[in-house]
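Novice: What follows is a single structure, and I will ask about it in a moment.
The values are calculated or read from the model by the stated rules, or taken from the named source; none is laboratory data. Values in this document were obtained by computation on a predicted structure and should not be read as measured data. Every residue, glycine among them, receives a Cβ derived from its backbone with ideal geometry; neighbour counts consider all protein chains shown. We work out accessible area using only protein heavy atoms, side chains counted, and drop any ligands, DNA or RNA first. Shrake-Rupley method; radii C 1.70, N 1.55, O 1.52, S 1.80 Å.
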Number of protein chains: 2
Amino acid sequence: MSLRFAILGFLSVRPLTGYELKQTFDRSVRHFWSADQAGIYRALGELARDGFVQFERVAQATRPDRKVYEITESGVTALVAWLAEPPETPARREPLLVKLFFASRLNAASFRDLLQAELTAVESELAAFADYAAVMSARFDTLDVSAQSALLGPAITLTNGALLGVAYRSWLVGLLARHDDVSLSVTALLDDVRNALGNA
Amino acid sequence: MSLRFAILGFLSVRPLTGYELKQTFDRSVRHFWSADQAGIYRALGELARDGFVQFERVAQATRPDRKVYEITESGVTALVAWLAEPPETPARREPLLVKLFFASRLNAASFRDLLQAELTAVESELAAFADYAAVMSARFDTLDVSAQSALLGPAITLTNGALLGVAYRSWLVGLLARHDDVSLSVTALLDDVRNALGNA
DNA sequence: ATCATATATATGATATTGCATATATGTGTT
DNA sequence: AACACATATATGCAATATCATATATATGAT
């Protein structure tokens, strides 16, 4: 469901083709919403069927025709209504946490490898966020005041990614440190929980 | 895929029925892996077909027969192998962030409502974590040393939930504060990002 | 020369998910 | 008396999601 509205959101900024939408998703919202290429084309078909978007076919010399989609008035209405609705809360799925939940069945080396690989992944994600912040900052300076406000949403979600990413990294680093100096114990972890939650 | 192995994980502790598995999921791993009741029964069927579990039918007076599933030797092997494998990284789906990404189309009240509702949800989640920590702590004291190690995994994932939950709450509280004193701006947010990522 | 990548849209097949519903009965609540 | 909730398993169906593949060509890399 959200995919359709995320597409409407992007089209409310400017008309795009399915191909460009895929790139846009990958560049901007990938860390909290990834979209499958086939899914985008299917969703565009449904949105057109429902009258929320319309497209113009643009012929090209050597490549397939572009279908440039633009949002309709009823599309804007639907988008704005959806944005204000309470969000769905889809099931969280964290395979790594499932594995760690059964940590007592893992040997020390495998346990460490899992954490280390995740740490590497998070660090590259954080590096990507830093780049993204720099790009946004530069872009911001080139825009006039009215256009700058369009960057507010992206900046909000970027902040989310950065803050949560940093917390996630601390958690991983803490676990690895505890694991390496053999202080990884239930009591130590429960103390961490109490500390975090601010209970004495 | 992970559902099947999560089930194997629980069955590696002790034999359970599908009904009990559903309760177990809801009580222990719900915040990072929620399981559908129908899905559990279907997964049990597949695991039995693959020889990873077997069940014993236990007749009951007034209720349907219980089917008590236990893990087989090949099930344990498969579980241990899966645990050490690099985890899949399923697509993250955060409808709230999608909505916030298009924040410039939201009026101030709706924007605030979204954040406030999420904050309420997070706070009750954090309260649940505090309870869970207390329960685990009490349980820990009643167990002998060998059994205590089985709580390590649950303590690890609980720590994850608590630390990330607290970070998420800070993010929400910060946004609400900025929103209320009209300091919610792209430049302020980008500064937050730079601060979090530790770049001067 | 060959291979990968980019541009551009689309379908088929499968996998997974979630939701509703069916069956059967005891207990507790309003 | 009616209704919700707990116990217990299971199927049907619709909605999504994911993966592979098809078509066509240009450009850049090895």
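Novice: So which pairs qualify, if the first residue must be in the range A:34-55 and touching a residue at least 24 places away in the same chain (Cβ under 8 Å), the second must be part of a helix (DSSP H, G or I) and near DNA strand D (Cβ under 9 Å from one of its atoms), the Cβ gap must be under 8 Å, and the two must be at least 6 apart or on different chains?
Specialist: Pairs that qualify, where the first residue is touching a residue at least 24 places away in the same chain (Cβ under 8 Å) and the partner is part of a helix (DSSP H, G or I) and near DNA strand D (Cβ under 9 Å from one of its atoms), are A:35/A:3; A:39/A:3; A:40/A:3; A:43/A:3; A:43/A:4; A:46/A:4; A:47/A:4; A:52/A:4.
Novice: Failed condition for residue B:150, given (1) farther than 21 Å from residue A:162 by Cβ; (2) not in a helix (DSSP H, G or I), with all others met?
Specialist: Failed condition: (2).
Novice: How many residues does the range B:41-51 hold that are in a loop (DSSP other than H, G, I, E, B) and under 24 Å from the mean Cα position of the chain (by Cα)?
Specialist: Pass one, the range B:41-51, residues in a loop (DSSP other than H, G, I, E, B): B:50-51.
If we keep only those that are under 24 Å from the mean Cα position of the chain (by Cα) too, we end up with none.
Residues that pass the stated criteria total 0.
Novice: Residues that are in contact with a Ser or Thr (Cβ under 9 Å, 6 or more places away or on another chain), more than 29 Å from residue A:143 (Cβ to Cβ), in contact (Cβ under 8 Å) with a residue 24 or more places away in the chain and more than 7 Å from chain A (Cβ to nearest Cβ): does the range B:111-125 have at least one? Break it down stepwise before answering.
Specialist: Kept after step one, since they are in contact with a Ser or Thr (Cβ under 9 Å, 6 or more places away or on another chain), are these residues of the range B:111-125: B:121.
With the extra rule that they be more than 29 Å from residue A:143 (Cβ to Cβ), the set shrinks to B:121.
Next cut, in contact (Cβ under 8 Å) with a residue 24 or more places away in the chain only: none.
No, the conditions are met nowhere in the range B:111-125.
Novice: Now for a different question. Just to check your reading of the model, which residue among B:72, B:62 is open to solvent by 70 Å² or more (accessible area, probe 1.4 Å) and of a type outside the set (Lys, Arg)?
Specialist: Details: B:72 fails: open to solvent by 70 Å² or more (accessible area, probe 1.4 Å).
From the options B:72, B:62, the qualifying one is B:62.
Novice: Now, a different point. What do you reckon, is residue A:2 within 12 Å of chain B (Cβ to nearest Cβ) and open to solvent by less than 30 Å² (accessible area, probe 1.4 Å)?
Specialist: On the way: within 12 Å of chain B (Cβ to nearest Cβ): yes; open to solvent by less than 30 Å² (accessible area, probe 1.4 Å): yes.
Here the answer is yes, as residue A:2 does meet what is asked.
Novice: Which residue, of A:49, A:105, A:14, A:57, is open to solvent by 80 Å² or more (accessible area, probe 1.4 Å) and at the interface with chain B (Cβ under 7 Å from one of its Cβ atoms)?
Specialist: Numbers: A:49 fails: at the interface with chain B (Cβ under 7 Å from one of its Cβ atoms); A:14 fails: at the interface with chain B (Cβ under 7 Å from one of its Cβ atoms); A:57 fails: at the interface with chain B (Cβ under 7 Å from one of its Cβ atoms).
Selected residue: A:105, the only one of A:49, A:105, A:14, A:57 that is open to solvent by 80 Å² or more (accessible area, probe 1.4 Å) and at the interface with chain B (Cβ under 7 Å from one of its Cβ atoms).
Novice: Pick from the range A:26-40 the residues that are part of a loop (DSSP other than H, G, I, E, B) and near DNA strand D (Cβ under 9 Å from one of its atoms): which of them is most open to solvent (accessible area, probe 1.4 Å)? Break it down stepwise before answering.
Specialist: Taking the range A:26-40 first, the residues part of a loop (DSSP other than H, G, I, E, B) are A:29-32, A:34-36.
Retained after the next criterion (residues that are near DNA strand D (Cβ under 9 Å from one of its atoms)): A:34-36.
On the way: A:34: 33, A:35: 9, A:36: 100 Å².
This residue is A:36.
Novice: Still on this structure: Among the residues of the range A:51-65, which ones are out of contact with any Lys or Arg (no Cβ under 7 Å at 6 or more places or on another chain), over 15 Å from residue A:11 (Cα atoms) and more than 9 Å from DNA strand D (Cβ to nearest atom)? Quick ask: steps written out before the conclusion?
Specialist: Pass one, the range A:51-65, residues out of contact with any Lys or Arg (no Cβ under 7 Å at 6 or more places or on another chain): A:51-54, A:56, A:59, A:61-64.
In the following step, the residues that additionally are over 15 Å from residue A:11 (Cα atoms) were identified as A:59, A:61-64.
Matches in the range A:51-65: A:59 only.
Novice: Return only the number of the condition from (1) within 12 Å of chain A (Cβ to nearest Cβ); (2) free of Cβ contacts under 8 Å to residues at least 12 places away in the same chain; (3) within 29 Å of residue B:135 (Cα to Cα) that residue B:83 does not satisfy.
Specialist: So the condition that residue B:83 fails would be (2).
Novice: Related question: Does residue A:98 satisfy the criteria of being away from chain B (no Cβ under 14 Å) and within 14 Å of DNA strand C (Cβ to nearest atom)?
Specialist: Numbers: away from chain B (no Cβ under 14 Å): no; within 14 Å of DNA strand C (Cβ to nearest atom): yes.
So residue A:98 does not fit the description; no.
Table: residues versus (1) surrounded by 16 or more Cβ atoms within 10 Å (Cβ to Cβ); (2) within 20 Å of residue B:123 (Cα to Cα).
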site: A:144; (1), (2): no, no
site: A:151; (1), (2): yes, no
site: A:176; (1), (2): yes, no
site: A:191; (1), (2): no, yes
site: A:196; (1), (2): yes, yes
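Novice: OK, next. Name, by its number, the condition in (1) open to solvent by less than 30 Å² (accessible area, probe 1.4 Å); (2) over 30 Å from residue B:31 (Cα atoms); (3) out of contact with any strand residue (DSSP E or B) (no Cβ under 7 Å at 6 or more places or on another chain) that does not hold for residue A:44.
Specialist: Failed condition: (3).
Novice: Please identify the pairs in which a residue from the range B:170-183 that is in contact (Cβ under 8 Å) with a residue 24 or more places away in the chain has its Cβ atom under 8 Å from the Cβ atom of a residue that is part of a loop (DSSP other than H, G, I, E, B), counting only partners at least 6 apart or on another chain.
Specialist: Filtered contacts from the range B:170-183: B:175/B:184.
Novice: Can you tell which of B:163, B:184 is in contact with a helix residue (DSSP H, G or I) (Cβ under 7 Å, 6 or more places away or on another chain) and not in a helix (DSSP H, G or I)?
Specialist: Working: B:163 fails: not in a helix (DSSP H, G or I).
Result: B:184 is the single residue among B:163, B:184 that is in contact with a helix residue (DSSP H, G or I) (Cβ under 7 Å, 6 or more places away or on another chain) and not in a helix (DSSP H, G or I).
Novice: Go through the residues of the range A:36-43 one by one and say whether even a single one is under 19 Å from residue B:99 (Cα atoms) and not charged (D, E, K, R).
Specialist: Checking the range A:36-43: at least one residue is under 19 Å from residue B:99 (Cα atoms) and not charged (D, E, K, R).
Novice: Right, another one. Output the residues belonging to the range A:21-41 that are near DNA strand C (Cβ under 9 Å from one of its atoms), touching a helix residue (DSSP H, G or I) at 6+ places or on another chain (Cβ under 9 Å) and more than 9 Å from every other protein chain (Cβ to nearest Cβ).
Specialist: At the first step, the residues of the range A:21-41 found to be near DNA strand C (Cβ under 9 Å from one of its atoms) are A:21-23, A:36-41.
Then keep just the ones that are touching a helix residue (DSSP H, G or I) at 6+ places or on another chain (Cβ under 9 Å); that gives A:21-22, A:36-37, A:39-41.
Within the range A:21-41, A:21, A:22, A:37, A:39, A:40, A:41 qualify.
Novice: Which one is nearest to DNA strand C (Cβ to nearest atom), of the residues in the range B:75-86 that are open to solvent by 30 Å² or more (accessible area, probe 1.4 Å) and not β-branched (Val, Ile, Thr)? Walk me through how you get there before you give the answer.
Specialist: Initially, the range B:75-86 is screened for residues open to solvent by 30 Å² or more (accessible area, probe 1.4 Å), giving B:76-77, B:80-81, B:84-86.
Then keep just the ones that are not β-branched (Val, Ile, Thr); that gives B:81, B:84-86.
Numbers: B:81: 17, B:84: 19, B:85: 14, B:86: 17 Å.
Here the residue is B:85.
Listed here are the residues, each with its yes/no results for (1) in the same structural domain as residue B:164 (by TED's automatic domain parsing); (2) under 22 Å from residue A:93 (Cβ atoms); (3) charged (D, E, K, R).
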| position | (1), (2), (3) |
| --- | --- |
| B:27 | no, yes, yes |
| B:39 | no, yes, no |
| B:55 | no, no, no |
| B:58 | no, no, no |
| B:65 | no, no, yes |
| B:74 | no, no, no |
| B:80 | no, yes, no |
| B:89 | no, yes, no |
